[in-house]
Structure formats: structure tokens, C-alpha cells
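Here the structure comes first, spelled out in C-alpha cells, and everything after it is commentary.
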Amino acid sequence: MSEFFPTIGKIPYEGKDSKTPLAFKYYNPDEIIDGKPMREHLKFALSWWHTMGGDGTDMFGVGTADKTWGESAPEARAKAKVDAAFEIMTKLSIDYFCFHDRDLSPEYGTLAETNAKLDEIVDYIAEKMKADPSKKLLWGTAKAFDHPRYMHGAGTSPSADVFAYAAAQIKKAIDATIKLGGKGYVFWGGREGYETLLNTNYALEQDNMARLLKMAVAYARSKGYDGDFYIEPKPKEPTKHQYDFDTATVLGFLQKYGLWDDFFMNIEANHATLAQHTFQHELRVARENGKFGSIDANQGDALLGWDTDQFPTNIYDATLCMYEVIKAGGFTNGGLNFDAKARRGSFTPEDIFLSYIAGMDTFALGFKAARALIADGRLDQFVADRYKSWTTGIGKDIIDGKADFESLEKYALEKGEVTDSLTSGRQEMLEAIINNVLFTL
């Protein structure tokens, strides 16, 4: 089989002093850290949709990159995508991939025909994985948002027929995920929300979304699936208001509908910023509630108000992200999926590799910086000292449930003014500590 990228070899690790564009400066996949290689700490994944299908098309122009992979027929192109994806993963030392069902194989007409064609591609991928066991599926999902049938949602559609169709499509995507050994299945509510409440039965739509999720869990578990289910929060775009607005909103939804035990969060950086949160905030909320699962690694543009899905190059964001991941105990079934696309003007085949190298090096450096911050200890110690009043005296009584309003009133009357108990937050000093640690690596 001929190569799709004959001029590009396996990307080497050359170290931070390297000036070679097609080389890693910080990501050494086989470097052993805390008893396991860096590739297992980071669990990088290729996104099938952006990498294999995203050609630079936007609302103002046609594609700029050729993603036909040399084939005009959809069946042949789907197989060529598989071959090209495995070549990319091998040359970049990426062990995982993620897919939407329609990224692997498009719609062909009837659902039965579409399913049969999808089965062929899933079987083909399974053969490739058997030949190279290092390549694994991180998670799968169904593309239940782009077809006109889903214009008003899938699980939240006002049409029961659309709900049924979405369930059938999700069932097949779960089958594909199980067949390929995936340990994650993602729900992203691309159109699960509303444009106006004037035409929306809000309560019914939320109830129906929960019904769909419960059916999916029941079906997958009945087939022996023992992996995680993820919900990927996003506040808007394409729908004006989406029901999975942010992590906190999703946690409330899971609790209300009895879905807590099966679902975790797949946090995307650019979605966090669209919700007016930091990436670290969304990860912290998930981690502190025991719901951290997986990450879609990308970044947005502060000057643009939409989901630009850029390859991540912000070292500070990556450092604070990996700080949360390490504090969560690292990845289990999840990983770092590059839900990112090269810019429209970066259209050559080489740009695929340059973009991934930039993102992978960013998170490798962020991982090392986060480990150094934790080992340094100053951030953790500052937080511990700031809240030490909760470990003794009246603070401990409150924590232990020994205090009530009457006893707290008595304490406050006897204590008098309490402003002298406050200490400086020293935000600037803490940010300087991050700089100090980061730039001494």
C-alpha cells in the first residue's frame, strides 16, 4: 500500500533545543515518568472528524484542504480515510482515535443501507487494529445533529419519530464502539436545546433526553459494555441555548434523573470559554464531584465569540489542565482527544503533522510543568494555610456539625469584628510562582 505522506517519516523526539519543524521538542512518548511512559499519561487521540474530514470549509468559503484522500466514491474514500488515519497515528506516535459514526461512513439513503456500509468500515478498522494492537479507540459517538432531521434536536426533538430514529442511530454507534473496544461513549447535545422558549416544551425535552440516555446505558450494559459514558458540556452554538450548558448544569441533570453512576464529563477547552469559564474551572468542578472523565483538547480565540477549535498552544492553560488531571489521579478510560483543526490557511498535508506536534508538545510541557508545580508545593501550601481556620476551633465545630445558629451567634457576639481574621489572597504572587516553576523547566 502506498503512503499518503511519503515525504514525512516517523516524527522523532529531538528535545527543546531542536529547530526541526517535524520533530517533538517536549513530547517523548517513551520517556518513563512515575513508572509509566508519557504516552500513557497523556493518551493522545486523533479526532476523525477534523483530521480526516475537515477541509477548511466555513460559512464564508469552500474548503482549502484536499481531504478526499484520492477517492471520489464514498465507499472508497471511507476506507482511504482509515488507511491515512493509521499512517498519521503511527508517524505521530498517537495511540488512540475518536469518531462520530458519520465521519467513518456517510449516510447512503435508508438507515439499513447506512448501517451496512458502516459495518464494513468498522470491520476494516478492526482489521487494522488487529494488525497494529497499539492503536485503540478512545471513544465513539453518533453524529445526531447535522442532518436536517435533527434541526430541532435528536433526543429533544418535538417529533417522536425523530427521537426513535436518533435512538436507532445511537444504538448502532454503540455497537461500533463496543466492536472496536472503546472504553468511552460520548453524548454531545449539538442541537439539544432551544432557539426560543416561545415554541419549546422545556420540561418534556429534558425528560426525553434523560429517557434517551437511560435507554443507551441499558442497551450498552446488556451488550457487555463496561466503559464510561461521557457528556460533553457546551452552552451554545449551534443551538442558542443548549441543555448541557456547563459541567455544573450537567451534574444537576444527572442527579435529577438518576444517571449519576454511569456518566462522567468530557471537558472541551473551547466549550468552557464559550460558557464564560476557564478550562481549569470546568475540570475542577468535574474533579471535585468525582466526575472527571476525558478531555477534548483545543483552544478558542479571545477575539472571536465562537468555537474555533484551534490546536492548543497555550502553555498556561495546558499546565493548569494537567494540574487538575494529575490531582484527579490521571486518566482511566479517558484521554486527550485533539478536537482541533488546522487553520483554514494551513492547508497542506504537512500542516496536519505540524498542528499535532504543536498540540502534543504543548500538553507534554504542560504535564511536566504541572508535576513541577505539585512537587514545588507552594500553591498547595498556600491554599492549606488560607483555609486553616476550618481545621481548629469554631471552623472545625462547623465542619463537624457541632455548631448551630445560636452557638455561632454567641461566638460572633463575643468575638466582635472579624476582619482581622482575613489574609491576602496574593493572586499575583501565585501567578508569579507558576512563571517561576514553568520557566525553570
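Note on the chain: Cα Rg divided by 2.2 N^0.38 Å, N the number of residues, gives 1.07. Rounded to the nearest 20 debye, the dipole magnitude of the chain is 580 debye, with +1 charges on Lys and Arg beta carbons, -1 on Asp and Glu beta carbons, and the Cα centre as origin.
Amide H contacts for Asn266 (H built 1.01 Å from N in the peptide plane; partners 5 or more residues away or on another chain; cut-off under 5 Å): Ile231, Glu232, Ser294. Counting only alpha carbon atoms, the long axis of helix 349-376 and the longest principal axis of the chain meet at about 20°.
In this structure the amide hydrogen of His241, modeled in the peptide plane, comes within under 5 Å of the amide hydrogens of Tyr194, none closer than 5 places in sequence on its chain. Spatially close Lys pairs in the stretch 285-441, defined by Cα atoms under 25 Å apart and a spacing of eight or more places or different chains, total 14. Taking all protein chains as they are arranged and a probe of 1.4 Å, the heavy atoms of Asp420 leave approximately 120 Å² accessible to solvent. Each Lys and Arg adds +1 at its Cβ and each Asp and Glu adds -1 at its Cβ; summed about the Cα centre, the stretch 226-307 shows a dipole of about 320 debye. Loop-located chymotrypsin sites (Phe, Trp or Tyr not before Pro) in the stretch 358-441 (DSSP state not H, G, I, E or B) with no more than 10 neighbouring Cβ atoms inside 10 Å: Tyr387, Phe439.
When shorter helices are ignored and each DSSP H run of at least 4 residues is given -39500 (n - 2.57), the per-residue value for the chain at 222 nm works out to -14000 deg cm²/dmol. Angle check, please: helix 111-131 long axis (alpha carbons) against the longest principal axis of the chain (alpha carbons), in degrees 0 to 90, nearest 10. With both axes taken from Cα atoms, the answer is about 80 degrees. If exposed trypsin sites (Lys or Arg not before Pro) are those in a DSSP loop with at most 16 other Cβ within 10 Å, what is the longest stretch of the chain that has none? Segment 20-222 is the longest. Think of the chain as having a plus end and a minus end, set by charges on the Cβ of Lys, Arg, Asp and Glu; of Met129, Pro6, Ala216, Met129 sits farthest toward the positive end of this dipole. With a Cα cut-off of under 29 Å and a minimum spacing of 8 residues unless on different chains, the lysine pairs in the stretch 11-94 number 23.
Computed from backbone phi with θ = phi - 60° and the Karplus coefficients 6.51, -1.76 and 1.60, the 3J(HN,Hα) list for the stretch 157-171 is 5, x, 9, 5, 5, 5, 4, 5, 5, 4, 4, 5, 5, 5, 4 Hz; x is used for glycine and proline.
Could you tell me the distance between the Cα centroids of the stretch 392-425 and the stretch 351-391, to the nearest Å? Each part's Cα centre sits 34 Å from the other's.
Couplings 3J(HN,Hα) of the stretch 290-299, computed from phi: x, 10, 6, x, 8, 9, 9, 8, 6, 7 Hz, in residue order, whole Hz [Karplus 6.51 cos²θ - 1.76 cosθ + 1.60, θ = phi - 60°; x for Gly and Pro].
Simple rule: put +1 on each Lys or Arg Cβ and -1 on each Asp or Glu Cβ in the chain, find the dipole, and look at Gly70, Ser346, Ile295; the Cα lying farthest toward the positive end is Gly70. Projecting the Cα atoms of Thr110, Val82, Phe187 onto the dipole axis of the stretch 36-188, where Lys and Arg carry +1 and Asp and Glu carry -1 at the beta carbon, places Phe187 farthest toward the positive end.
Relative to the longest principal axis of the Cα atoms of the chain, the long axis of helix 279-288 makes an angle of roughly 70 degrees. Couplings 3J(HN,Hα) of the stretch 61-73, computed from phi: x, 6, x, 10, 10, 7, 10, 7, 6, x, 10, 9, 6 Hz, in residue order, whole Hz [Karplus 6.51 cos²θ - 1.76 cosθ + 1.60, θ = phi - 60°; x for Gly and Pro]. Proximity of backbone amide H atoms, modeled 1.01 Å from N, is registered between Tyr96 and Leu46, Lys136 at under 5 Å, excluding neighbours fewer than 5 places apart on the same chain. A run of the chain free of exposed loop cleavage sites, with GluC sites (Glu not before Pro) counted only in DSSP states other than H, G, I, E and B and at most 15 other beta carbons within 10 Å, reaches its longest extent at 196-416. Measuring r between the beta carbons of Ala403 and Arg344 and using R0 = 51 Å, the FRET efficiency lands at 0.30.
The values are calculated or read from the model by the stated rules, or taken from the named source; none is laboratory data. Just so we're clear, the structure is a prediction, and the values are computed from it rather than from any experiment. Positions of Cβ are backbone-derived with ideal geometry, glycine not excepted, and every protein chain shown enters the neighbour counts. Side chains are part of the model used for accessible areas, which takes the heavy atoms of the whole protein and leaves out ligands, DNA and RNA. Shrake-Rupley method; radii C 1.70, N 1.55, O 1.52, S 1.80 Å.
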